[in-house]
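The structure appears right after this line, and notes come after that.
The values are calculated or read from the model by the stated rules, or taken from the named source; none is laboratory data. Just so you know, these numbers come straight off a predicted model, no measurement behind them. So basically every Cβ, Gly included, is an ideal-geometry build from the backbone, and we count neighbours across all protein chains shown. Note: accessible area is taken over every heavy atom of the protein model, side chains too, but ligands, DNA and RNA are not part of it. Shrake-Rupley method; radii C 1.70, N 1.55, O 1.52, S 1.80 Å.
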Amino acid sequence: MATFIRNFAISYAFLAVFLSAGIGVFVGVESFGINYGQVANNLPPPDKVLELLSTLNLTKTRIYDTNPQILSSFANSNIEIIVTVENEILSQLDDPQQAAQWVNSHIIPYLPETKITGVQVGNEVFTDDDTTLIQHLVPAVVNIHNALSQLGYSNIKVSTPSSLAVLASSYPPSSGSFQSEISGIMYQFLSFLSTSKSPFWINAYPYFAYKDSPNGIPLNYVLFNPNAGMVDPYTNLHYDNMLYAMVDAVSFAIAKMGFKGIEVRVSETGWPSKGDADEVGATPMNAATYNRNLLRRQMAGEGTPLNPRMRLDVYLFALFNEDLKPGPTSERNYGLFRPDESMTYNVGLSALATSSASTSSSSSVSFASSAARVKVVAPWKCKSFVNWMLVCVLISTLYG
């Protein structure tokens, strides 16, 4: 009886904390964000996008500029935003005065009401077709960081996202190393990250690897489905998906440059729901599977095999299909949503909220079909359902 009473008291205390905290469906998915691209002429206005993100209980997003409408609309919300310096102006920002002016005109007016948490200086600069950009990268990063620090905003982390093409080798992960031609500037950049405690961001797309070699790479391995995976012969680490292998390859490359403690985060990953005839695997089913399985792992707070205790931060690409993006058809079809805010496909977010499909009507988001509109359900209903689920678990623990 004493054991029962003690267990009941502990359970009741835990339940009381849970109820008072107002825990929502996506609580704990702090490592997950989404890219909000705007290369389109038919997207909803920023205030509607804010409503959509809030409906999804997403609290992190990244934009590819410093769009004043977005930054103003997101003020006094719970959305954390990473902004981007366009590649086209990098050459101007290797002048400290120009960088300070950029910070004062593009960042400071929106603080602190808008939660700007990071500045990405350029996008995939190390592998850009314009090879002159790379010489401006580190000075621009340092100057923007210094300008923010001098104004009391050293908490806003400055970095740059890179494509996986910065690696000369990525398989097995322990062979990860940077391209020799960028090693000099990469060393300078890593020195800055190490000093400023900023993360290394990587755009990692298992889809591209599968598209290029569909007969050589198991589809289940790239989609996070159950599979035998692979074992790195030099570390004996087991990988059951390609994304984690890609991330760890970057970590090994950083270590080979002599740096420790630099966190690797994923600035972009995703899967297209449509492609050209030669874009193997670009289907709604594969896109839904990849993103659904990724979300499940995010909800579990997973790390990679190399860093299992460090939750991997991931930003999904993308929020919307963008009709003006150049290139193959896949480039315009990475979005979870169409511009009218209907789902491109059923990613199954409602299923992630609970362990039973029968409870989807009580989830905070309803994705009944690929054409369904996101609908907000009264928060007390979500809370009530989740709370009762917890009660059931506690009762089964006590009496089971």
Inset, instruction - Would you mention how many residues in the stretch 25-52 are among the aromatic types (Phe, Trp, Tyr) and modelled with pLDDT of 95 or more? - result: 1
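Name the one entry in Asn286, Asn291 that is without any contact (Cβ under 8 Å) to a residue 60 or more places away in the chain and under 20 Å from the mean Cα position of the chain (by Cα). Break it down stepwise before answering.
Numbers: Asn286 fails: without any contact (Cβ under 8 Å) to a residue 60 or more places away in the chain.
Of the residues listed, the single one that is without any contact (Cβ under 8 Å) to a residue 60 or more places away in the chain and under 20 Å from the mean Cα position of the chain (by Cα) is Asn291.
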Inset, instruction - Report the residue count in the stretch 284-315 for those that are at pLDDT 95 or above, open to solvent by less than 30 Å² (accessible area, probe 1.4 Å) and assigned to a helix (DSSP H, G or I). - result: 8
Inset, instruction - Go through the stretch 245-295 and give me each residue that's among the aliphatic types (A, V, I, L, M) and more than 25 Å from Arg309 (Cβ to Cβ). - result: Ala277, Val280, Ala282, Met285, Ala287, Ala288
Inset, instruction - Using the structure shown, decide if Val119 is within 25 Å of Phe317 (Cα to Cα), modelled with pLDDT of 95 or more and assigned to a helix (DSSP H, G or I). - result: no
Inset, instruction - For residues that are in contact with a Leu (Cβ under 7 Å, 6 or more places away or on another chain) and under 23 Å from Leu316 (Cβ atoms), tally how many sit in the stretch 177-198. - result: 0
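Could you list, in sequence order, the residues of the stretch 235-257 that are of a type in the set (Gly, Ala, Ser) and open to solvent by less than 50 Å² (accessible area, probe 1.4 Å)? Spell out how you get there, then give the answer.
Pass one, the stretch 235-257, residues of a type in the set (Gly, Ala, Ser): 245, 249, 251, 253, 255.
Matches in the stretch 235-257: Ala245, Ala249, Ser251, Ala253.
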Inset, instruction - Report whether or not Asn225 is open to solvent by 60 Å² or more (accessible area, probe 1.4 Å) and among the polar types (S, T, N, Q). - result: no
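Would you say Ser149 is surrounded by 16 or more Cβ atoms within 10 Å (Cβ to Cβ), of a type in the set (Gly, Ala, Ser), over 23 Å from the mean Cα position of the chain (by Cα) and part of a helix (DSSP H, G or I)?
Working: surrounded by 16 or more Cβ atoms within 10 Å (Cβ to Cβ): no; of a type in the set (Gly, Ala, Ser): yes; over 23 Å from the mean Cα position of the chain (by Cα): yes; part of a helix (DSSP H, G or I): yes.
No; evaluated as a whole, the condition is false for this residue.
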Legend entry - Inter-residue pairs, beta-carbon under 7 Å, first on the phi > 0 side of the Ramachandran plot and in the stretch 72-99, second of a type outside the set (Val, Ile, Thr) and open to solvent by 40 Å² or more (accessible area, probe 1.4 Å), 6+ apart: Asn76/Glu113
Legend entry - For Phe224: the one exception among (1) in contact (Cβ under 8 Å) with a residue 24 or more places away in the chain; (2) in a helix (DSSP H, G or I): (2)
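State whether one or more residues within the stretch 299-310 are more than 24 Å from Ser169 (Cα to Cα) and among the charged types (D, E, K, R). Step through it out loud before you land on a result.
To start, the set of residues in the stretch 299-310 that are more than 24 Å from Ser169 (Cα to Cα) comprises 299-302, 309.
The next check asks that each one be among the charged types (D, E, K, R); those that pass are 302, 309.
Within the stretch 299-310, one or more residues are more than 24 Å from Ser169 (Cα to Cα) and among the charged types (D, E, K, R).
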Inset, instruction - Give the number of residues within the stretch 113-140 that are over 21 Å from the mean Cα position of the chain (by Cα), under 24 Å from Leu71 (Cα atoms) and open to solvent by less than 20 Å² (accessible area, probe 1.4 Å). - result: 1
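Looking at Ser177, Ser170, Ser162, can you tell me which residue is of a type in the set (Gly, Ala, Ser), touching a residue at least 40 places away in the same chain (Cβ under 8 Å) and closer than 28 Å to Ala100 by Cα? Spell out how you get there, then give the answer.
Numbers: Ser177 fails: closer than 28 Å to Ala100 by Cα; Ser170 fails: closer than 28 Å to Ala100 by Cα.
So the residue among Ser177, Ser170, Ser162 that is of a type in the set (Gly, Ala, Ser), touching a residue at least 40 places away in the same chain (Cβ under 8 Å) and closer than 28 Å to Ala100 by Cα is Ser162.
Here is a yes/no grid of residues against (1) open to solvent by 30 Å² or more (accessible area, probe 1.4 Å); (2) out of contact with any helix residue (DSSP H, G or I) (no Cβ under 9 Å at 6 or more places or on another chain); (3) of a type in the set (Lys, Arg):
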{"residue": "Pro172", "(1), (2), (3)": "no, no, no"}
{"residue": "Gln188", "(1), (2), (3)": "yes, no, no"}
{"residue": "Tyr205", "(1), (2), (3)": "no, no, no"}
{"residue": "Lys211", "(1), (2), (3)": "yes, no, yes"}
{"residue": "Pro233", "(1), (2), (3)": "yes, no, no"}
Inset, instruction - For the stretch 261-281, enumerate the residues that are closer than 30 Å to Gln188 by Cβ and touching a Ser or Thr at 6+ places or on another chain (Cβ under 8 Å). - result: Gly261, Ile262, Val264
